[in-house]
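Questions regarding the structure given below will be posed in turn.
The values are calculated or read from the model by the stated rules, or taken from the named source; none is laboratory data. Only a predicted model underlies this, so the values are computations on that prediction, with no experimental measurement involved. Every residue, glycine as well, gets a Cβ built from its backbone with ideal geometry; the counts of neighbours run over all protein chains shown. Side chains are part of the model used for accessible areas, which takes the heavy atoms of the whole protein and leaves out ligands, DNA and RNA. Shrake-Rupley method; radii C 1.70, N 1.55, O 1.52, S 1.80 Å.
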Amino acid sequence: MCGINIIYHNNRLLPQRPAIEAMNRALAHRGPDGDGVLLREGVALGHRRLSIVDVAGGAQPMYTSDGRFAIVFNGEIYNYQALRAELEDAGVVLQSHSDTEVILHFYQRLGAACVHRLRGMFAFAVHDAESGALFVARDRLGIKPLFYHWDGATLTAASEAKALFASGLVKARLNAKSVANYFTYQFSIAPNTLFEGVLELPPGHHLSIAPQGEPVLHRYWDLDFPLDNEYESVEEDYWLDKFRAAMDEATATHTIGEVPIGAYLSGGIDSSVTTYLLTQHYARPVQSFS
């Protein structure tokens, strides 16, 4: 699961260590295997780790060898092994076997465009010590959460809203309009949350901020539905084969962890299919939980 925490002062003021440590404690349930903090001019990054990939060597925050770029990351990158091979072919010397380091080096090489190379579920933040800029991104469908608050000088962000309040920099006040929306629609309408001044970074978006600047949001991905008569085929068998191949491939890519993998099995069609496919693609015995 993991959890990430961020404090960014656009005046380059050094954040207070107790604040980022309190945020980490608020997310201890998301990451019982590790606790890390980075403090430097203008920024504090915190991480709580649940070890899945590179259990021995994937501690965070993680840095490039020159110390310029630092990252905290929550999620899994399913194509990281192919991306890792690409980096090694280009002469990059990697210090770990983690997907975190792969993201870090692709950001170093491509900047914001790195998100287009990532296949997976993620919320991550990269800080550039040279420029003082911060880059934050969320996966295409918003599987991994990220909430933030901006007060005109300080950006505070975290995997859960409770960590924002733990920092002492954000007050927990109900958003009356979101409460009304909840009773009408059963959810608050994004990017608003139940808390006043707390927003969620929308799926398929990234956020950047530089010293003396304000947060800038950019949508890098959205759903794209084909128009009439633009389908590759109208034959049902064609789509059955495509769907079967996609399910097989997706299940296989989700078996990259170094820890045992199980399945939530409700007995419905979707969980039954994915559990069956997992038995076909996973070398160890599959545990299911109902």
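For the range 112-151, give me each residue that is without any contact (Cβ under 8 Å) to a residue 40 or more places away in the chain, open to solvent by 20 Å² or more (accessible area, probe 1.4 Å) and out of contact with any Leu (no Cβ under 7 Å at 6 or more places or on another chain). Break it down into steps so the answer makes sense when it comes.
Keep residues of the range 112-151 that are without any contact (Cβ under 8 Å) to a residue 40 or more places away in the chain, which gives 113-114, 117.
Those left that are additionally open to solvent by 20 Å² or more (accessible area, probe 1.4 Å): 113, 117.
The one that is without any contact (Cβ under 8 Å) to a residue 40 or more places away in the chain, open to solvent by 20 Å² or more (accessible area, probe 1.4 Å) and out of contact with any Leu (no Cβ under 7 Å at 6 or more places or on another chain): Ala113.
Another question about this same structure. Do we have Arg84 as in contact with a helix residue (DSSP H, G or I) (Cβ under 6 Å, 6 or more places away or on another chain), outside any loop (DSSP other than H, G, I, E, B), over 20 Å from Val136 (Cα atoms) and not polar (S, T, N, Q) here? Steps first, please.
Values: in contact with a helix residue (DSSP H, G or I) (Cβ under 6 Å, 6 or more places away or on another chain): yes; outside any loop (DSSP other than H, G, I, E, B): yes; over 20 Å from Val136 (Cα atoms): yes; not polar (S, T, N, Q): yes.
Answer is yes for this residue.
Please work out which one of (1) open to solvent by 60 Å² or more (accessible area, probe 1.4 Å); (2) farther than 19 Å from Ala137 by Cβ; (3) free of Cβ contacts under 8 Å to residues at least 12 places away in the same chain; (4) in a helix (DSSP H, G or I) is the condition Ala56 fails and give its number.
Of everything listed in (1) open to solvent by 60 Å² or more (accessible area, probe 1.4 Å); (2) farther than 19 Å from Ala137 by Cβ; (3) free of Cβ contacts under 8 Å to residues at least 12 places away in the same chain; (4) in a helix (DSSP H, G or I), Ala56 misses just condition (4).
Right, something else. Restricting attention to the range 19-38, report how many residues are in a helix (DSSP H, G or I), open to solvent by 80 Å² or more (accessible area, probe 1.4 Å) and either free of Cβ contacts under 8 Å to residues at least 60 places away in the same chain or at positive phi (or both). Don't jump to the end; show me each part of the working.
In the first step, residues of the range 19-38 are kept if they are in a helix (DSSP H, G or I); the result is 19-26, 28-30.
If we keep only those that are open to solvent by 80 Å² or more (accessible area, probe 1.4 Å) as well, we get 25, 29.
With either free of Cβ contacts under 8 Å to residues at least 60 places away in the same chain or at positive phi (or both) added as a condition, the list becomes 29.
Of the residues in the range 19-38, 1 are in a helix (DSSP H, G or I), open to solvent by 80 Å² or more (accessible area, probe 1.4 Å) and either free of Cβ contacts under 8 Å to residues at least 60 places away in the same chain or at positive phi (or both).
Go through the range 216-239 and give me each residue that's surrounded by 12 or more Cβ atoms within 10 Å (Cβ to Cβ) and more than 22 Å from Asn181 (Cβ to Cβ). Break it down stepwise before answering.
Step one: filter the range 216-239 for residues surrounded by 12 or more Cβ atoms within 10 Å (Cβ to Cβ), giving 217-218, 220-221, 238-239.
Within the range 216-239, His218, Tyr220, Trp221, Tyr238, Trp239 meet the criteria.
Sort through Ala166, Ala190, Ala263, Ala252 and tell me the only one that's in contact (Cβ under 8 Å) with a residue 60 or more places away in the chain and of a type in the set (Gly, Ala, Ser). Even if it seems obvious, please write down each step before you answer.
Working: Ala190 fails: in contact (Cβ under 8 Å) with a residue 60 or more places away in the chain; Ala263 fails: in contact (Cβ under 8 Å) with a residue 60 or more places away in the chain; Ala252 fails: in contact (Cβ under 8 Å) with a residue 60 or more places away in the chain.
Result: Ala166 is the single residue among Ala166, Ala190, Ala263, Ala252 that is in contact (Cβ under 8 Å) with a residue 60 or more places away in the chain and of a type in the set (Gly, Ala, Ser).
Please indicate, with yes or no, whether at least one residue in the range 166-187 is among the aromatic types (Phe, Trp, Tyr) and under 25 Å from Arg48 (Cβ atoms).
Just the residues of the range 166-187 that are among the aromatic types (Phe, Trp, Tyr), to begin with: 182-183, 185, 187.
Keeping just the survivors that are under 25 Å from Arg48 (Cβ atoms) gives none.
So far as the range 166-187 goes, no, none of its residues is among the aromatic types (Phe, Trp, Tyr) and under 25 Å from Arg48 (Cβ atoms).
So, in the range 162-215, how many residues would count as being open to solvent by less than 50 Å² (accessible area, probe 1.4 Å), within 22 Å of the chain's Cα centre (by Cα) and either among the polar types (S, T, N, Q) or modelled with pLDDT under 95 (or both)?
Residues meeting the conditions: 4.
Among the residues of the range 246-266, which ones are open to solvent by 60 Å² or more (accessible area, probe 1.4 Å) and farther than 20 Å from Glu76 by Cα? It would help to see each step written out before you state the result.
If we filter the range 246-266 for residues that are open to solvent by 60 Å² or more (accessible area, probe 1.4 Å), which is where we start, we get 249, 254, 258, 260, 264, 266.
Of everything in the range 246-266, just one residue is open to solvent by 60 Å² or more (accessible area, probe 1.4 Å) and farther than 20 Å from Glu76 by Cα, namely Ser266.
If we scan the range 75-95, do we find a residue that is in contact with an Asp or Glu (Cβ under 7 Å, 6 or more places away or on another chain), at pLDDT below 95 and either open to solvent by 40 Å² or more (accessible area, probe 1.4 Å) or polar (S, T, N, Q) (or both)?
For the range 75-95, residues in contact with an Asp or Glu (Cβ under 7 Å, 6 or more places away or on another chain), at pLDDT below 95 and either open to solvent by 40 Å² or more (accessible area, probe 1.4 Å) or polar (S, T, N, Q) (or both): present.
Please go through the range 31-61 and pick out each residue that is under 19 Å from Pro260 (Cβ atoms) and charged (D, E, K, R).
Hits for the range 31-61 are Asp33, Arg49, Asp54.
Being open to solvent by less than 10 Å² (accessible area, probe 1.4 Å), under 23 Å from Asp35 (Cα atoms) and not in a helix (DSSP H, G or I): is that true of Leu155 here?
Details: open to solvent by less than 10 Å² (accessible area, probe 1.4 Å): yes; under 23 Å from Asp35 (Cα atoms): yes; not in a helix (DSSP H, G or I): yes.
Criteria met by Leu155.
Next up: Considering each of Gly3, Gly42 in turn, give the residue that is open to solvent by less than 10 Å² (accessible area, probe 1.4 Å), in contact with a Phe, Trp or Tyr (Cβ under 7 Å, 6 or more places away or on another chain) and under 26 Å from Gly111 (Cα atoms).
Values: Gly3 fails: in contact with a Phe, Trp or Tyr (Cβ under 7 Å, 6 or more places away or on another chain).
Testing whether each residue is open to solvent by less than 10 Å² (accessible area, probe 1.4 Å), in contact with a Phe, Trp or Tyr (Cβ under 7 Å, 6 or more places away or on another chain) and under 26 Å from Gly111 (Cα atoms) leaves just Gly42.
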